[in-house]
Amino acid sequence: MSVSVRNPAPPINAGPPFVTASSRSRFDLRPIYEPLIFLLVTTAAYFVMPPNMQYVLGIAVIYALLATSLGVLFGWTGIYTFGHAAFFGIGAYATALLKEQAWGPLAFLGMSALIAVIAAVLIGLIGQRLAKVEFAMLTMIVGQIAYLLTFRVPVLQGDNGIYSIPRGDVFGIDLTPPVSFWWYSIIVVAIVMGVLRRIHLSPFGESLNAIRDDAVKAAAIGIPVKSLRLAAFALAGGVAGLAGGLFAQQGSIVTPSTLSFTFSGQIIIMALLGGMMGFWGPALGAILFQFINALVFGNSTHGTLVLGIILLAVVMLFPSGVLGVFARLRDLLMRSRSRQ
Amino acid sequence: MTLLSTLISGVAYGVPLFLVASGLTLIYGVIGVLNFAHGSFFVVGALLVTTIIGSTVPTVPTFIIAVLAGAAVVAAVGMLTETTVVRHLYRRDHITMLLATFAILLIVEGAAEGIWGNSSRAINKPEILSGSTQILGTTIPLYDILLVFVGAVVAIGLFLLINKSTFGRSVRAIAQDQVMGEAVGLNTKRVMLLVFGLGSALAGLAGALIAPNVSVSPSLGHAFILQSFAIVIIGGLGSVTGSLVAALLVGVSEAFAVAYATYLTGFTFYILVAVILLVRPRGLLGSAKLGRA
């Protein structure tokens with residue numbers, strides 16, 4: 001894809017010279033048809049599956065959104081975070097705490113996202129001056145504080161969690177039956193994925209990639225590195241919070257495990273399994289991970305051990321995930337074809 | 001609670017934190033690897049001691065042997081990790097290394113759950129060390145005095161090892177410039193392996209020493225690794241002296257929180273971290289050059 005910096009030199013009072021994407025991507029239809037394909041494929045899969053697998057898929061698409069939000073940080077911007085579950089949990093607890101309100105389910109999701117964004121901005125501001133590794137440590141600490149708070153603050157009910165969170169109804173459709181909730185959640189997920197895809201292809205997204213590849217050079221060509229990093233962190237936090245709200249409505253219960261350190265690790269593993277660099281990698285990885293988990297290790301008592309072995313294998317052998325393996329196979333195929 | 005007893009219990013609380021954090025920061029400073037698995041090494045040390053001692057009341061020699069055995073086994077686990085995983089990733093980017101050590105954390109913790117189960121265990125202290133003594137009219141538990149003593153010995157030992165010995169000279173050389181160290185004929189591979197082993201041994205020692213004071217379970221590592229991350233951030237990444245100062249600071253402020261402001265218990269770390277991050281992001285004694293990650 002051709003990328004050009006705005007030329008000629010901007011006048012003195014112009015804003016930062018954002019990298020402008022080529023006109024081809026400005027009218028790109030990918031933010032529309034890709035989520036649509038995602039919706040159709042997952043829904044088709046949903047209706048041919050037995051009920052217990054439908055349940056797994058229902059959670060998997062929410063995790064797909066969560067993993068994509070992590071991809072915004074790891075894959076797009078090069079921000080390493082080990083406490084992403086905190087934002088998911090904040091979103092889930094926001095929906096849970098507001099359950100008495102007579103709002104529609106979409107309003108709950110909006111609130112979840114908003115509260116998570118506020119939390120992300122605060123943490124991002126505190127950590128703004130840190131180097132990458134220190135920031136990773138900070139996110140881990142913040143995640144742990146959020147986890148501890150669920151036990152310290154009486155409203156949050158500790159290990160019992162908060163239950164009987166209503167699903168409510170949207171446009172007069174009751175979301176209590178699993179099928180109508182499936183449509184609700186997959187449409188919400190697909191729309192948010194589309195918005196994220198649009199952002200990914202926008203000049204803003206290109207600037208984030210520039211920061212990931214070389215923050216010093218990005219700053220040198222005038223990209224406001226700090227504020228864009230903060231914006232990416234807020235975006236990722238907000239989407240994770242929304243996914244958390246959806247998760248709370250889906251399960252109708254929220255427990256501290258949604259905030260836990262192990263869950264943060266699981267999100268990373270999901271995203272990594274699919275491949276951090278491509279847009280759809282984390283989502284694919286999340287769905288794959290959920291099914292591997294359900295089918296192979298569902299009854300295993302050694303969950304943590306197996307999780308660690310999977311992660312280690314992926315990191316050491318397939319660092320660019322399933323998408324990377326596909327790309328490598330395609331390259332091999334192309335090469336063998338050109339040889340003939 | 002008087003001022004003196006609060007102070008001593010704070011220092012005693014800080015010593016295991018110092019041991020874990022100094023190992024972490026040593027490995028980071030020399031090899032450039034932030035070892036997420038460090039907390040799980042710590043737990044293995046604690047669990048090993050609970051197994052060796054069991055439900056008996058150990059004699060002092062048994063206890064010492066158990067603690068040293070814990071540290072030695074953990075050092076072996078660390079060195080195994082270095083040779084099988086970490087060594088092969090030095091040339092890859094930092095995120096790969098972080099994820100790999102995170103995977104090792106999950107593996108070691110999972111293995112510990114498999115071996116020792118999820119229940120928590122408690123062990124007895126040696127009889128001589130379970131009492132307390134009177135100093136200046138206040139009661140001080142003897143075990144706290146032992147911890148303070150061990151902390152002082154390790155701190156001085158580390159200082160001498162790094163600053164006065166031949167091994168320490170090569171460690172410092174490699175920390176400064178690994179390629180140059182290799183060029184002047186240092187066996188960098190071996191030194192890095194030994195540093196990883198030493199750091200792990202410190203984690204194991206900390207776990208072994210703390211075992212009689214807490215209930216030990218495989219998930220003990222989570223809380224502890226986060227606290228030692230907090231200490232490394234406060235003290236400055238890569239500075240052993242910094243982690244000593246930070247551990248004492250954190251230990252003492254936690255003890256004062258327990259004594260005078262109970263609602264802050266468990267949060268003093270995080271408050272200190274937030275203050276440090278706002279005022280001095282590279283830590284108390286951190287050097288600016290450590291932005292290399």
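With θ taken as phi - 60° and the Karplus curve 6.51 cos²θ - 1.76 cosθ + 1.60 applied, the whole-hertz 3J(HN,Hα) list for the stretch A:239-255 is 5, 4, x, 4, 4, x, x, 4, 5, 5, 5, 5, x, 6, 9, 10, 10 Hz, x standing for glycine and proline.
3J(HN,Hα) along the stretch A:131-143: 6, 4, 5, 5, 5, 4, 5, 4, 5, 5, 5, 4, x Hz, from the Karplus curve 6.51 cos²θ - 1.76 cosθ + 1.60 with θ = phi - 60°, whole Hz, x for Gly and Pro.
Neighbour counting of Cβ atoms within 10 Å sorts the residues A:Met276, A:Met316, A:Met334, fewest neighbours leading, into A:Met334, A:Met316, A:Met276.
Taken about its Cα centre, chain B carries a charge dipole of roughly 740 debye when the Cβ of each Lys and Arg holds +1 and the Cβ of each Asp and Glu holds -1. From the P(r) of the stretch B:3-292, can you give the percent of Cα pairs sitting at distances over 23 Å? Distances greater than 23 Å cover 54 percent of the Cα pairs.
For the stretch A:29-339, the equivalent ellipsoid derived from the alpha-carbon gyration tensor has semi-axes of 29, 25, 20 Å in decreasing order.
Give the Debye-formula value of log10 I(q)/I(0) at each listed q (0.09, 0.17, 0.21 Å⁻¹), with one equal scatterer per alpha carbon of the stretch B:55-207, two decimals each. Here the Debye-derived log intensity ratios amount to -0.43, -1.15, -1.39.
Compared with the dominant Cα axis of chain A, that is its longest principal axis, helix A:281-295 is turned about 30°.
Out of A:Glu34, A:Glu206, A:Glu100, any idea which swings most in a Gaussian network model of chain A, alpha carbons joined below 10 Å? Highest fluctuation among the options: A:Glu100. Between the amide H of A:Val170 and those of A:Leu175, distances stay under 5 Å, these residues lying 5 or more places away or on another chain, with hydrogens modeled in the peptide plane.
Here the residues A:Leu272, A:Leu201, A:Leu40, B:Leu98, ranked from fewest to most Cβ neighbours within 10 Å of their Cβ, fall in the order A:Leu40, A:Leu201, B:Leu98, A:Leu272.
Between A:Leu125, A:Leu73, A:Leu114, the GNM of chain A built on Cα springs shorter than 10 angstrom shows A:Leu125 fluctuating the most. Counting neighbouring Cβ atoms within 10 Å and putting the fewest first, the residues A:Met193, A:Met111, B:Met79 line up as B:Met79, A:Met111, A:Met193. Our Cα-only numbers for the protein assembly as shown put the radius of gyration and Dmax at 25.8, 91 Å. In the elastic network of chain A, a GNM with C-alpha springs shorter than 10 Å, the most mobile of A:Gln250, A:Gln157, A:Gln101 is A:Gln101.
Relative to the Cα centre, what is the charge dipole magnitude of the protein assembly as shown, using +1 at the beta carbon of each Lys and Arg, -1 at the beta carbon of each Asp and Glu, and rounding to the nearest 20 debye?
Values: 34 positive and 20 negative charges, 369 e Å.
Computed about the Cα centre, the dipole is about 1780 debye.
Cross-link partners of A:Lys132 among aspartates and glutamates, defined as those whose alpha carbon lies under 18 angstrom from its own and excluding same-chain residues fewer than eight positions apart: A:Asp213, A:Asp214, B:Asp93. Here's how it looks for B:Arg121: its modeled amide H is under 5 Å from those of B:Val216, B:Ser217, which are all 5 or more places away or on a different chain. Backbone phi angles across the stretch A:150-167, fed through the Karplus curve with coefficients 6.51, -1.76 and 1.60 (θ = phi - 60°), yield HN-Hα couplings of 4, 8, 8, 8, x, 4, 7, 6, x, 5, 5, x, 10, 10, 6, 8, x, 8 Hz in residue order; Gly and Pro are listed as x.
No lab work stands behind these numbers, since they all come straight from the coordinates. For clarity, every value in this text was computed on a predicted model and none was experimentally measured. Glycine also receives a Cβ, built like all others from the backbone with ideal geometry; neighbour counts cover every protein chain displayed.
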